[in-house]
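*Asks:* Starting off with a structure, shown below.
The values are calculated or read from the model by the stated rules, or taken from the named source; none is laboratory data. What you see is a predicted model; the values in this text were computed from it and never measured. Positions of Cβ are backbone-derived with ideal geometry, glycine not excepted, and every protein chain shown enters the neighbour counts.
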Amino acid sequence: MRKLLGSHPTELVLILVIAAISLALSLLTDRFLTLGNMFDLLNISAVNIIFAVGLLVVLIAGGIDISFAVAASVVQYATALALAQLGGGDWVSGFLLAAFFGIALGLINAFLIHRFQIISIVATIATFNVYFGLLMFFTRGVSIYNLPDWLTTRVIVFEREMADGSWAEITLPVIVMLVCVVATWFFVTRTTTGRQLYAFGDNPEGARRFGINIGAMQYIAFGWLGLMAGIAGLMQAHYAQEVVPNALYGRELDVLAAVVLGGARLGGGKGSVLGCVLGVLLVSITQNGLNLMGVSPFAFKMIVGAIILGAITLSSLRLDGLFGGAGLRNGSPSDDDRKAGPK
């Protein structure tokens with residue numbers, strides 16, 4: 001038991017907190033602990049979890065990206081327009097196009113950070129505004145409702161009729177989310193590249209001395225997040241059955257709070273897929289419970305803000321490290337990194 005507590009303290013604490021909150025909510029509202037509500041939680045959380053596992057890879061490598069949600073909105077539009085040119089396409093072409101556009105936007109971030117030595121949080125603030133501005137300019141804020149039938153038809157993987165006549169359903173986004181979670185877990189824990197990302201995020205100067213390609217780490221990390229953002233954007237379009245330019249606007253802070261809450265260190269070199277998923281579920285459960293109790297949605301925004309503040313405060317990274325060297329290090333190690341040397 002001590003070994004388990006020592007190796008996964010954050011995940012165990014999150015499980016206990018989720019259990020405690022779920023118990024409290026089940027006593028405060030009779031609708032929370034129902035199969036229909038649990039399935040709805042999974043369906044609604046699927047897109048954020050896909051975002052989160054992508055962001056986790058960037059955080060592990062010592063970077064921060066806040067442009068991924070807007071990038072997913074751009075991917076939605078680009079994919080919808082490309083599918084229209086292809087005569088409608090199908091799921092294969094849809095996933096390929098979304099992945100292509102998402103990776104391309106992620107690589108733009110990596111290029112700016114690596115080529116021009118820009119701190120990642122600054123670079124992604126810039127691309128966040130550029131992506132969203134261009135999206136609103138070209139679309140004029142108009143949504144797309146005329147999507148291919150295969151994209152708008154709900155794919156129900158499992159369903160069960162409830163006593164009140166309603167249906168509890170598990171839909172396609174949940175299955176896609178599970179695939180993304182497993183793929184990210186395998187990537188960061190079972191591949192050489194994943195171990196290099198941890199090493200680079202933990203000690204960039206040491207990683208450099210061991211011959212790890214700094215540029216490759218940046219492109220891989222942001223490319224992976226771009227891939228996940230593209231897939232998440234496609235799943236959001238499928239779930240909502242429409243493409244809305246600002247539907248994902250603001251998700252970045254919720255996801256960042258959840259991932260850091262799940263144990264990812266803002267300075268890099270630390271984080272787990274399980275903790276990341278639990279962090280998203282904790283935030284989703286809290287929001288769901290507040291909604292069921294009729295609490296104002298503005299209260300949830302305050303809670304997310306408090307989570308971010310608490311996570312940064314409790315992080316082992318100092319605030320000057322966050323803004324001075326958290327951006328995938330940009331090839332310029334800090335004084336502490338130079339002193340530390342290879343680990």
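*Asks:* Of the residues that sit in region 159-203 and are over 25 Å from the mean Cα position of the chain (by Cα) and hydrophobic (A, V, I, L, M, F, W, C), which one is surrounded by the fewest Cβ atoms within 10 Å (Cβ to Cβ)? First the steps, then the outcome.
*Replies:* Going residue by residue through region 159-203, those that are over 25 Å from the mean Cα position of the chain (by Cα) are 159-168.
Then drop every residue that is not hydrophobic (A, V, I, L, M, F, W, C), which leaves 162-163, 167-168.
Values: Met162: 11, Ala163: 6, Trp167: 11, Ala168: 16.
Taking the candidates together, the pick is Ala163.
*Asks:* Let me ask something else. So Leu253 passes all but one of these: (1) surrounded by fewer than 16 Cβ atoms within 10 Å (Cβ to Cβ); (2) in contact (Cβ under 8 Å) with a residue 12 or more places away in the chain; (3) not hydroxyl-bearing (Ser, Thr, Tyr); (4) not in a helix (DSSP H, G or I). Which condition number does it fail?
*Replies:* If we test Leu253 against (1) surrounded by fewer than 16 Cβ atoms within 10 Å (Cβ to Cβ); (2) in contact (Cβ under 8 Å) with a residue 12 or more places away in the chain; (3) not hydroxyl-bearing (Ser, Thr, Tyr); (4) not in a helix (DSSP H, G or I), just (4) comes out false.
*Asks:* A further question on this structure: Please specify each residue of region 224-243 satisfying the condition of being over 15 Å from Val181 (Cα atoms) and of a type in the set (Val, Ile, Thr).
*Replies:* Residue satisfying the conditions is Val243 alone.
*Asks:* Restricting to region 289-306, give me the number of residues that are of a type in the set (Phe, Trp, Tyr) and surrounded by 11 or more Cβ atoms within 10 Å (Cβ to Cβ). Working first, answer last.
*Replies:* So in region 289-306, the residues of a type in the set (Phe, Trp, Tyr) come out as 298, 300.
Now restrict to residues that are surrounded by 11 or more Cβ atoms within 10 Å (Cβ to Cβ): 300.
Going through region 289-306 one residue at a time, the tally reaches 1.
*Asks:* If the Cβ limit is 8 Å and pairs must be 6+ apart or interchain, which residue in region 34-59 that is among the aromatic types (Phe, Trp, Tyr) pairs with which residue that is outside any helix (DSSP H, G or I)?
*Replies:* Qualifying pairs under 8 Å: Phe39/Ala168; Phe39/Glu169; Phe39/Ile170.
*Asks:* Report yes if some residue within region 148-155 is in contact with a His (Cβ under 6 Å, 6 or more places away or on another chain) and modelled with pLDDT of 95 or more; otherwise report no. Give the derivation first.
*Replies:* Filtering region 148-155 for residues in contact with a His (Cβ under 6 Å, 6 or more places away or on another chain) gives 151.
From what's left, modelled with pLDDT of 95 or more: 151.
Within region 148-155 (the criterion being in contact with a His (Cβ under 6 Å, 6 or more places away or on another chain) and modelled with pLDDT of 95 or more), the answer is yes, since at least one residue qualifies.
*Asks:* All but one of (1) surrounded by fewer than 22 Cβ atoms within 10 Å (Cβ to Cβ); (2) among the aliphatic types (A, V, I, L, M); (3) over 24 Å from Ile113 (Cα atoms); (4) over 19 Å from the mean Cα position of the chain (by Cα) hold for Val243; state the number of the condition that does not hold.
*Replies:* Tallying (1) surrounded by fewer than 22 Cβ atoms within 10 Å (Cβ to Cβ); (2) among the aliphatic types (A, V, I, L, M); (3) over 24 Å from Ile113 (Cα atoms); (4) over 19 Å from the mean Cα position of the chain (by Cα), Val243 fails exactly one: (1).
*Asks:* Oh, and also: Determine whether Gly271 is buried (at least 22 other Cβ atoms within 10 Å of the Cβ) and more than 18 Å from Val58 (Cα to Cα). Don't jump to the end; show me each part of the working.
*Replies:* Values: buried (at least 22 other Cβ atoms within 10 Å of the Cβ): yes; more than 18 Å from Val58 (Cα to Cα): no.
For Gly271, the condition - buried (at least 22 other Cβ atoms within 10 Å of the Cβ) and more than 18 Å from Val58 (Cα to Cα) - is not met.
*Asks:* Then there is this: Test Thr139 against the stated conditions and say whether it is free of Cβ contacts under 8 Å to residues at least 40 places away in the same chain and more than 22 Å from the chain's Cα centre (by Cα).
*Replies:* Details: free of Cβ contacts under 8 Å to residues at least 40 places away in the same chain: no; more than 22 Å from the chain's Cα centre (by Cα): yes.
So Thr139 fails the test.
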